[in-house]
Protein chains: 2
Amino acid sequence: MFSTGHYLILSSLSRNGPESRSELALRLGMSKAAVSSLVRDLLKQEILCEQTPVHGSGRPSVPLAVRAEAAWFIGISLQDDPAIVVLTDLHGTVHDRMELPRHADLETCVSSLCDAITHLRKGLRSAKVSGVGMALPGFVANDRQTCLACAALGWRDVDIGGVLSKRTGLPTWIENDANALILGEQLFGALRSSPDFSVIFISNGIGCANIVNGRLLRGYAGGAGEMSHAPIVTDMAHALPCRCGNRGCLETVASLLAIGNAARRAGLPGEIAELARLAAGAHPEALSILHHAGASMGLATAHLIQLIDPSHVVVMLDPNLRDGIYGHALQRETESHILRRPVSRGMIQFRDFEPDSFACGAASLAARYFIFGPDGV
Amino acid sequence: MFSTGHYLILSSLSRNGPESRSELALRLGMSKAAVSSLVRDLLKQEILCEQTPVHGSGRPSVPLAVRAEAAWFIGISLQDDPAIVVLTDLHGTVHDRMELPRHADLETCVSSLCDAITHLRKGLRSAKVSGVGMALPGFVANDRQTCLACAALGWRDVDIGGVLSKRTGLPTWIENDANALILGEQLFGALRSSPDFSVIFISNGIGCANIVNGRLLRGYAGGAGEMSHAPIVTDMAHALPCRCGNRGCLETVASLLAIGNAARRAGLPGEIAELARLAAGAHPEALSILHHAGASMGLATAHLIQLIDPSHVVVMLDPNLRDGIYGHALQRETESHILRRPVSRGMIQFRDFEPDSFACGAASLAARYFIFGPDGV
DNA sequence: GTCAATAGTTTATATTATGAACTATGTTGA
DNA sequence: TCAACATAGTTCATAATATAAACTATTGAC
């Protein structure tokens, strides 16, 4: 259908925003003739549209933009219960969403998801959905169809992608939660033009993913970005045992679960909002717990920055954590342990943890295929 | 001269070893006709050669190999004094070498290097040198020609590559020491077919570089792999100040310099061989110093493995360190802090620290251009 | 109103890969 | 020994894709 050239145009416009044919030719190192011809095809297919001309000296240039309504995608997040299903356009904007109970049983799970997808597709009338993406907390095989292991759902070697694909008739991609998040950020987010950035999210667990050289850093065994079990507490007298078998892992101190546990051990409420309120009121024990957690997170972040050198680190977390001592400790500890760089201001970007983020990231998995093509990154 | 296709063939053969035209076509996803034609050109240019046919059922296949003598390269290491200049072939084999005093003065430095290069070229008779690579301890600009900063030589914004290139008439590439090392390993070494591996070297300082998705991980500001200032000693009572301004950096405990300093503070000899001998004789202080150093190195390595997930980590160090408690502590501490993976045996590969390694890596910078072409990675 | 400047198109052509038929060179087994 | 088969590699007509250079289009500026 489309050639590599078409996808080059499409991905450049998606990444760098609207540009004229001449600018595209310059950026992509192609001839104006080639761009002209490729753009013609994409306009005819109504995937691109021409924006109002920009006047300078000489003939005005016509910025070309990717049409948001050119394609629609379904994104599913099994990150939490309830599961979330969203319908997005080609810009990543959510047009409709549903929440449904998350079932561990494969058959029930697929059935309820398919019902939701059917319902969302109906709302679209004539327009077509191009693909489905799913994010889940666990390991996913290289084929991006099979879930190798998911503790939360008790899955092992579950071909959830294949089953979904067969039932919906739509191409389907599966991805680990953190990976889906960062891929969504890369395709739709503010950092989309940066080839080197990282995303960390802090919820009950801690997730992390990295874009490096413009591509997702997966690593040899798909385990890259696993900061959650970074050995942070090295003082073995205080290191708590972790479910991974080691002691002192980051997630034993810095995750919501760990903070809640620490609070309850100290006789404080395990609710994060409550604890943050206490800390804001200068409650010494609450302050200590949150400071230790945030500083540990900061130490791990410093390791990440030193090793991977991203332009930005997006940290998604509960606003209660962000605005209090946890966020401050995180930022201070990170900055005090990295080598000063020319630009380190605003390197850490806090962002609210929103439940739809994972579903949006999931939808982006399918959108990537549309934008980058079959050989795309 | 050559097209993308030619470079595809050349880099595949270089990376995956000799293969027949049919195998190449399969691996590269090209038609047999295309491969046949491209190979014909490369044979005519005497860059490839045909090996003895392999018999199976049907017509024997003819493995094609990159001819070592097809191109020659100069590699320069300014890592230590004396500087080292090597002449390598297209397989990375050193055919000749020279050592010369390392001059900080640009003019003197370039002059003596040019003399050495001229001498090495003479030994080649008719054959031509295709390019020059240089490795130095410091920061190098994106153009791979300019040294931005080099503490050892006191250089700032020195266009050493441009000057060398002008004087020798040869294309020249400059690279940071660790980067040159891993790029050499990727082109010529045993791990050349792995797209995800890391190299660490431990000398007076500590260097680290990573290949990720088949490409060098440079990071946003070119600072990726900077493990030398990883915050390892978090117990501030014992954290030593580092030249970077922070305290407790890895290099304040695990480098040769740090070990020597610690030994001298304890009234022991600062020589690494001496110290290792003492430790082998169960000298408690020597053991303690080396164990602490090795374990710290292991902790940092564990962070690296968790975040980047390489298939292998090559650790280059003094044999005295490798065989004693330092090496053991490094390995044990690393393995105890990483999540178990299906294949973790032999993940850490110790290798002797050889002075020519950097110069070979430097030569590989020029060889890359020959093998991967102008658009190559 | 002409000219300079830049955007975009047309068209003939060059480059590069492909598919399918063909040749080459062996092994296998009656 | 020789036909049958299997696989490797080549040839050649063709398709796909990009290019260069000349062209048209559309404006601002003087």
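The values are calculated or read from the model by the stated rules, or taken from the named source; none is laboratory data. Just so it is clear, the model here is predicted, and its values are computed rather than measured. Heads up, the Cβs are rebuilt from the backbone with ideal geometry, glycines too, and the neighbour counts pull from every protein chain shown. All accessible areas refer to the heavy atoms of the entire protein, side chains included, with ligands and DNA or RNA removed. Shrake-Rupley method; radii C 1.70, N 1.55, O 1.52, S 1.80 Å.
Per-residue answers, yes or no, for (1) closer than 25 Å to A:C208 by Cβ; (2) in contact with a Pro (Cβ under 6 Å, 6 or more places away or on another chain); (3) surrounded by fewer than 24 Cβ atoms within 10 Å (Cβ to Cβ):
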site	(1), (2), (3)
A:E285	no, no, yes
A:L290	yes, no, no
A:A293	yes, no, no
A:G298	yes, no, no
A:T301	yes, no, no
A:L307	yes, no, no
A:H312	yes, no, yes
request  = Kindly establish whether A:E69 is more than 16 Å from DNA strand D (Cβ to nearest atom) and open to solvent by 20 Å² or more (accessible area, probe 1.4 Å).
outcome  = yes
task = Hey, can you tell me all the residues within the range A:10-36 that are of a type outside the set (S, T, N, Q) and closer than 13 Å to A:G376 by Cβ?
result = A:L10, A:R15
Filter pass, A:L13 being among the aliphatic types (A, V, I, L, M), buried (at least 16 other Cβ atoms within 10 Å of the Cβ), away from DNA strand D (no atom under 11 Å from the Cβ) and part of a helix (DSSP H, G or I) = yes
query = Any residue at all in the range B:368-375 that is touching a Ser or Thr at 6+ places or on another chain (Cβ under 9 Å), not in a helix (DSSP H, G or I) and not hydrophobic (A, V, I, L, M, F, W, C)?
reply = yes
message = Can you say whether A:I160 is among the β-branched types (V, I, T) and either within 14 Å of the chain's Cα centre (by Cα) or facing chain B (nearest Cβ under 9 Å) (or both), as far as the supplied structure shows?
response = no
request  = Tell me, please, whether a residue that is modelled with pLDDT of 95 or more, at positive phi and not assigned by TED's automatic domain parsing to the domain that holds B:L10 can be found in the range B:169-182.
outcome  = yes
key: Which numbered condition B:Q331 fails, given (1) more than 14 Å from chain A (Cβ to nearest Cβ); (2) touching a residue at least 12 places away in the same chain (Cβ under 8 Å); (3) open to solvent by less than 40 Å² (accessible area, probe 1.4 Å); (4) not aliphatic (A, V, I, L, M)   = (3)
message = Let me confirm something: among A:L256, A:L268, which residue is touching a residue at least 60 places away in the same chain (Cβ under 8 Å) and away from every other protein chain (no Cβ under 14 Å)?
response = A:L256
Selection from the range B:16-28 of residues that are outside any helix (DSSP H, G or I), out of contact with any helix residue (DSSP H, G or I) (no Cβ under 7 Å at 6 or more places or on another chain) and within 14 Å of DNA strand D (Cβ to nearest atom) = B:P18, B:S20
query = Tell me, which residue of the range B:172-198 that is among the aromatic types (F, W, Y) and under 23 Å from B:E19 (Cβ atoms) is farthest from the other protein chains (Cβ to nearest Cβ)?
reply = B:F188
task = Look through the range A:217-230, keep the residues that are of a type outside the set (A, V, I, L, M) and under 19 Å from A:I305 (Cβ atoms), and return whichever of them is nearest to the other protein chains (Cβ to nearest Cβ).
result = A:G219
inquiry  = When you scan the range A:83-94, do you find a residue that is at pLDDT 95 or above, of a type in the set (S, T, N, Q) and within 16 Å of DNA strand D (Cβ to nearest atom), even just one?
reply    = no
key: Top-ranked residue in the range A:26-51 [being within 8 Å of DNA strand C (Cβ to nearest atom) and free of Cβ contacts under 8 Å to residues at least 12 places away in the same chain; ranked as farthest from the other protein chains (Cβ to nearest Cβ)]   = A:R40
query = Since A:Y7 meets every condition but one in (1) open to solvent by less than 20 Å² (accessible area, probe 1.4 Å); (2) more than 7 Å from DNA strand D (Cβ to nearest atom), which condition does it not meet?
reply = (1)
request  = Considering only the range B:103-112, state which residues are open to solvent by 50 Å² or more (accessible area, probe 1.4 Å) and touching a residue at least 24 places away in the same chain (Cβ under 8 Å).
outcome  = B:A104, B:L106
note = From the option list B:L275, B:L317, B:L268, single residue qualifying as under 24 Å from B:D80 (Cβ atoms) and out of contact with any strand residue (DSSP E or B) (no Cβ under 9 Å at 6 or more places or on another chain) is B:L275
inquiry  = Going residue by residue through the range A:283-303, is there one that turns out to be within 12 Å of another protein chain (Cβ to nearest Cβ) and farther than 27 Å from B:D235 by Cβ?
reply    = no
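Here is a yes/no grid of residues against (1) more than 7 Å from chain B (Cβ to nearest Cβ); (2) open to solvent by 10 Å² or more (accessible area, probe 1.4 Å); (3) farther than 25 Å from A:P355 by Cβ:
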| site | (1), (2), (3) |
| --- | --- |
| A:I200 | yes, no, no |
| A:N204 | yes, yes, no |
| A:I211 | yes, no, no |
| A:R215 | no, yes, yes |
inquiry  = Going residue by residue through the range A:43-66, is there one that turns out to be more than 25 Å from A:E175 (Cβ to Cβ), away from DNA strand D (no atom under 16 Å from the Cβ) and open to solvent by 20 Å² or more (accessible area, probe 1.4 Å)?
reply    = yes
key: The lone exception for A:L257 - which of (1) farther than 19 Å from B:A300 by Cα; (2) among the aliphatic types (A, V, I, L, M); (3) buried (at least 17 other Cβ atoms within 10 Å of the Cβ) it fails   = (3)
request  = Determine whether the range A:236-250 contains at least one residue that is buried (at least 18 other Cβ atoms within 10 Å of the Cβ) and in a helix (DSSP H, G or I).
outcome  = yes
message = Looking only at the range A:152-161, how many residues end up being under 15 Å from A:T108 (Cα atoms) and in contact with a strand residue (DSSP E or B) (Cβ under 9 Å, 6 or more places away or on another chain)?
response = 6
ask   = Among the residues of the range B:7-25, which ones are over 26 Å from the mean Cα position of the chain (by Cα) and within 8 Å of DNA strand C (Cβ to nearest atom)?
value = B:A25
